[in-house]
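Colleague: Handing you this structure, nothing more for now.
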Amino acid sequence: MNTRILLVEDEEKLARFLELELMHEGYQVEKSGNGREALSLALANHYDLILLDIMLPGLNGLEVLRRLLKEKEVPVILLTARDAVMDKVSGLDAGAVDYITKPFAIEELLARIRVALKLHAVRPAAPNAETPHDEEGVLRWQELVLDDRRHDVRYAGHEITLTNREFLMLKTLLENKNIVLSRDTLLNKVCGYEYAGETNVVDVYIRYLRSKIDDAFGIRMIRTVRGVGYVIKSDED
Ligand code: CA
């Protein structure tokens, strides 16, 4: 079944560009450049994800979001302007799952879409889909075992002491194996959306994690993807 995305953006060139990129990724795309129209489309049809600009004619994106989420559950990623901090906060408070600030790299948007679809699927996942948790609350990579409920991390049986934020970052990476997570995404998961600091905080936590795990056990678990972010892959190589 095709994944359906509603793209709500009134800037025509950007909308056309995004539409082509999304179609190229195999998504089925519908477009709207008007808030009011977008709201009726979203209420009338099933979409797996909605990309929603905030500054829109007809009805403001935040208002579209509020009215929509009152009626149904659907993951929404907001497209926001650079300095619109209040829009981001209001948007997340209103129930958006993520936001991306314009101008953005298409690869980052695509990565966020994949994460949002994975974390917030409205339909149950396909039966053959890989479940990230093989036992409840337990995540694994090779000989590393993270037990979320016991807040316990071990490598080949050796206990690893992590701070809360290191733990959260490792957990996020393990839950999204093979998905490159941007610094922004990791920062949001680990520090919360209200955190307004620099994303290089993420690099610092990654460094701590690597020294406690990768370096300590002579393995290469956390990979850097230049210019994009970090990933833990399921295969060893
Ligand atoms: Ca706009």
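Colleague: Can you tell me the accessible area per residue over the range 4-122, all protein chains present, probe 1.4 angstrom, in square angstrom?
Modeller: 48
Colleague: Report the local net charge at S182: Lys and Arg +1, Asp and Glu -1, summed over other residues whose C-beta lies under 10 Å from its C-beta.
Modeller: Values: positive: R112, R183; negative: E107, E108, D184.
That sum, taken over residues with Cβ under 10 Å, equals -1.
Colleague: What are the extents of the Cα atoms of the chain along their three principal axes, listed from largest to smallest and rounded to whole Å?
Modeller: That gives 58, 40, 31 Å along the principal axes, largest extent first.
Colleague: Another question about this same structure. Dipole of the chain (Lys/Arg Cβ +1, Asp/Glu Cβ -1, origin at the Cα centre): which of P75, H158, A38 lies farthest to the positive side?
Modeller: H158
Colleague: Testing the spin-label approximation: label points 7 Å from Cα along Cα→Cβ at Y208 and V89. State their distance in nm.
Modeller: 2.5
Colleague: Would you please give the FRET efficiency between E73 and E107, computed as 1/(1 + (r/R0)^6) with r the Cβ-Cβ distance and R0 = 25 Å, to the nearest 0.05?
Modeller: Taking R0 as 25 Å, the efficiency between E73 and E107 is 0.35.
Colleague: Follow-up. Please name whichever of L49, V231, V138 sits farthest to the positive end of the charge dipole of the chain, dipole taken about the Cα centre and charges placed at Cβ: Lys and Arg +1, Asp and Glu -1.
Modeller: Of L49, V231, V138, it is V138.
Colleague: Accessible area of the chain with a 1.4 Å probe: how many percent of it is carbon plus sulfur?
Modeller: Carbon-and-sulfur percentage of accessible area, whole number: 48.
Colleague: What lysines could a cross-link reach from K177, if we take a straight Cα to Cα line under 16 Å and drop same-chain neighbours fewer than 8 places away?
Modeller: K118, K189, K233
Colleague: Per residue of the range 209-218, in order, report the coupling 6.51 cos²θ - 1.76 cosθ + 1.60 (Karplus, θ = phi - 60°) as ³J(HN,Hα) in whole Hz, putting x for Gly and Pro.
Modeller: Listing the rounded values in order: 4, 5, 6, 7, 10, 4, 5, 5, 10, x Hz.
Colleague: With a 1.4 Å probe and every protein chain left in place, work out the accessible area per residue of the range 138-232 in Å², rounded to a whole number.
Modeller: Per residue, the range 138-232 has an accessible area of 50 Å².
Colleague: What does the range 4-122 give for Rg and for Dmax, in Å, if only its C-alpha atoms count?
Modeller: 12.6, 33
Colleague: A follow-up question, please. Under the 0.36 nm per residue contour assumption, what length would be gained going from the current alpha-carbon distance of K118 and R226 to full extension?
Modeller: Length difference between fully extended and current span is 36.6 nm.
Colleague: So what's the net charge close to G229: Lys and Arg +1, Asp and Glu -1, counting the other residues with Cβ under 15 Å from its Cβ?
Modeller: Charge balance near G229 sits at +3.
Colleague: Quick one: Karplus J couplings for the range 46-57, per residue in order, coefficients 6.51, -1.76, 1.60, θ = phi - 60°, nearest Hz, x for Gly and Pro?
Modeller: The phi angles translate into 8, 10, 7, 7, 10, 9, 10, 6, 8, 7, 9, x Hz.
Colleague: Could you give the size of the charge dipole of the chain about its Cα centre, using +1 on the Cβ of each K and R and -1 on the Cβ of each D and E, expressed in debye and rounded to the nearest 20?
Modeller: For the chain, the charge dipole is close to 120 debye.
The values are calculated or read from the model by the stated rules, or taken from the named source; none is laboratory data. Worth saying up front: this structure is predicted, and the values here are computed from it rather than measured. With ideal geometry, Cβ positions are generated from the backbone for all residues, glycine too; neighbour counts draw on all protein chains shown. Side chains are part of the model used for accessible areas, which takes the heavy atoms of the whole protein and leaves out ligands, DNA and RNA. Shrake-Rupley method; radii C 1.70, N 1.55, O 1.52, S 1.80 Å.
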